[in-house]
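All remarks here apply to the structure that follows.
Values in this text are rule-based calculations from the coordinates and carry no lab data. The model shown is predicted, which means the values in this text are computed figures rather than measured ones. For neighbour counting, all protein chains shown are included, and Cβ atoms are generated from backbone atoms with ideal geometry for every residue, glycine included.
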């Protein structure tokens, strides 16, 4: 409440902001991957994964992170259901009933 | 057994030359024989920081061209007997010298000096390559600003693929007042990001500008100051002493700051 009455006492914590921005910047710099390559990589990984399982495309997370001086590519791909046989993109419309996995 | 250390940063203006001048002077004051090499061809400044600009007769290029001996080119500092400067040429550019030639010069210096500190120019091009060629160790200088930290990280990456095995960090121009207000990246954050061992922390201080104006490295001044103490501690650490880092944040406990932090809790 004091924050609303006296906003000038609560400047934004830009020190934290700088740290977070730098984390991302350094992860990208170190990987030496430009955005175009990263996008291709993302698309191709999803294509391959999509042949085996159906991914919830709304909740995909794809990022570069730093640990010590190593850059890691982290992909979080929530699975909607497992496909009975590995398929091509063209066969995703086949009507196969199966219980959705959680 | 001598040590060849390059002082570099990537980013310009973070304090490489100031560090080289003061660290070299501090080491010489501890009794070591120190040679400072200005590798910033075309934009030399180490001579200014040391107050030796009027005493330059020959430069590293003259030595390489055979116009004079190395000994003749070395500028001696009357105030600090164990310290010498090998000046860079001012009227040429970074392409005027090669990494091989730098190694040659340092090789000769190694015969007589315990420490050879190389003041690296800003950037990562030819000047940088020249400066790191003869080095066994590196000191990376950064300030707590995003651009400086990013560039420092790039330089660390470049070092890792060279023959330089020991890399240390100096965080320069720290503003404890800003860190306390969370408007500046903290020391811990910088170390988390860069992941190289910390050699020292130097506070931002107008006295540095004053000492440059006078041409006298701040470590030589009679009156002690935080930056001078910081540089002397860094020299001691290079010599193997395990000194604790200055608690620069302690000076932040004034009434006003405590009041601000108290009010921040609501």
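Points worth noting:
- Using a Förster distance of 41 Å, the FRET efficiency for residue B:78-residue B:100 (Cβ separation, nearest 0.05): 0.75
- The angle separating the long axis of helix B:16-29 from the principal Cα axis of greatest extent in chain B is about 80 degrees.
- Alpha carbon centroid spacing (whole Å) that separates the stretch B:78-121 from the stretch B:2-39: 11
- Mean Cβ neighbour count within 10 Å, used as a protection proxy, ranking B:28-38, B:53-63, A:53-63 highest first: B:28-38, B:53-63, A:53-63
- Hydrodynamic estimate: the Kirkwood radius of the stretch A:14-91 over Cα pairs, inserted into Stokes-Einstein at 37 °C and 0.692 mPa s, corresponds to D of 229 µm²/s.
- Zero-based 5 Å bins, Cα pair distances in the stretch B:41-129, whole percents: 3, 13, 25, 29, 21, 8, 2
- Mean separation of Cα pairs under 8 Å and 6 or more residues apart, divided by the residue count, gives chain B a relative contact order of 24 percent.
- Kirkwood Rh (inverse of mean 1/r, distinct Cα pairs), chain B, angstrom: 18.9
- Modelled this way, with points 7 Å down the Cα-to-C-beta line, the labels at residue A:39 and residue B:137 are 4.7 nm from one another.
- The mean count of C-beta atoms from other chains within 10 Å of the C-beta of residues in B:216-229, rounded to a whole number, is 0.
- Per residue of peptide A:62-69, the mean number of Cβ atoms on other chains within 10 Å of the residue Cβ is 2.
- Each of B:224, B:142, A:14 has some number of other Cβ atoms within 10 Å of its Cβ, and from fewest to most they run B:224, A:14, B:142.
- Hull volume in cubic angstrom per residue (convex hull over the Cα atoms of the stretch B:112-266): 153
- For the stretch A:14-91, relative contact order (Cα pairs under 8 Å, six or more residues apart, normalised by length) works out to 32 percent.
- Alpha-carbon centroid distance for the pair the stretch B:130-162 / the stretch B:192-226, whole angstrom: 19
- Paired Rg and Dmax values of the protein assembly as shown, which use every Cα atom, in angstrom: 26.6, 90
- Take each residue in A:15-27, count the other chain C-beta atoms within 10 Å of its C-beta, and the mean is 5.
- Fraction of beta bridges assigned by DSSP in the protein assembly as shown that are antiparallel (%, nearest 5): 30
- When you count the other C-beta atoms within 10 angstrom of each residue and take the mean per peptide, B:64-74, B:167-177, B:232-242, B:11-21 line up highest first as B:11-21, B:167-177, B:232-242, B:64-74.
- From helices alone, chain B scores -11000 deg cm²/dmol at 222 nm; the rule is -39500 (n - 2.57) for each run of n ≥ 4 DSSP H residues, then divide by the residue total.
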